[in-house]
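As structure tokens, the structure follows; a few thoughts come after it.
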Amino acid sequence: QVRLMESGGGLVQPGGSLRLSCTIYNGFKFDTMGWYRQAPGEQRKLVAWIDKVGIINVADSVKGRFTMSVDDSKSWLDLEMNKLKPEDSAVYYCNAQKWSIDYWGQGTQVTVSS
């Protein structure tokens, strides 16, 4: 059974940094992998992802501040978040997709507040 487990969330002041990690258990060659976030009352949104040809992309809202990295075996992916803003506060989810089937982690809370 595929299982994704996130870690690294928490409370940070504006302008600070956090690193999220996602470990994938019993995984296989996924089509895409990435990070989503969901703030209260909003839809889940894609933040960063690696596509089928191995290119890593980030959403415009976090460009220049967030960096995603993936290990060669595709068994973990990290999200380095810098210059955090209050609007980055959300539950962050790790995602992997194969044949249009989504696999999700349980989510980790990130709160940016002074």
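Based on the Stokes-Einstein relation at 25 °C and a viscosity of 0.890 mPa s, and on the Kirkwood radius from alpha carbon pairs, the chain is assigned a translational diffusion coefficient of 175 µm²/s. Assuming a ≥ b ≥ c are the square roots of the Cα gyration tensor eigenvalues, decide whether the stretch 1-50 counts as rounded (a/c under 1.5), prolate (otherwise, with a/b larger than b/c) or oblate. Verdict is prolate for the stretch 1-50. On the chain, 50 percent of the accessible area sits on carbon and sulfur atoms, based on a 1.4 Å probe. Rounded to the nearest 20 debye, the dipole size of the stretch 29-81 about its Cα centre is 160 debye, using +1 on the Cβ of Lys and Arg and -1 on the Cβ of Asp and Glu. Under 12 Å from a point 7 Å along the Cα-to-Cβ line of Ser61: which residues of the stretch 67-89 have their amide N that close? Correct set: 85-89. Non-local lysine pairs in the chain, meaning eight or more places apart or on different chains, with alpha-carbon distances under 15 Å, amount to 9. For Lys85, the residues 5 or more places off, or on other chains, whose built amide H falls under 5 Å of its own are Gly15.
Charges at C-beta only: +1 for Lys and Arg, -1 for Asp and Glu. How large is the resulting dipole of the chain about its Cα centre, in Debye rounded to 20?
Numbers: 13 positive and 12 negative charges, 8 e Å.
So the dipole magnitude of the chain works out to roughly 40 debye.
Per residue, the chain exposes 56 Å² of accessible surface when a 1.4 Å probe is rolled over the protein heavy atoms with every protein chain present. Computed from backbone phi, the HN-Hα couplings of the stretch 52-59 come to 5, 9, x, 8, 8, 10, 10, 5 Hz, rounded to whole numbers (Karplus: 6.51 cos²θ - 1.76 cosθ + 1.60, θ = phi - 60°; Gly and Pro given as x). Since only Val53, Leu84, Pro40 are under comparison, the one whose Cα sits farthest along the positive direction of the charge dipole of the stretch 27-96, derived from C-beta charges on Lys, Arg, Asp and Glu, is Pro40.
The values are calculated or read from the model by the stated rules, or taken from the named source; none is laboratory data. Values in this document were obtained by computation on a predicted structure and should not be read as measured data. Counting neighbours? That spans all protein chains shown, and the Cβs are built from the backbone with ideal geometry, glycine included. Calculation scope for accessible area: heavy atoms of the full protein, side chains included, ligands and nucleic acids excluded. Shrake-Rupley method; radii C 1.70, N 1.55, O 1.52, S 1.80 Å.
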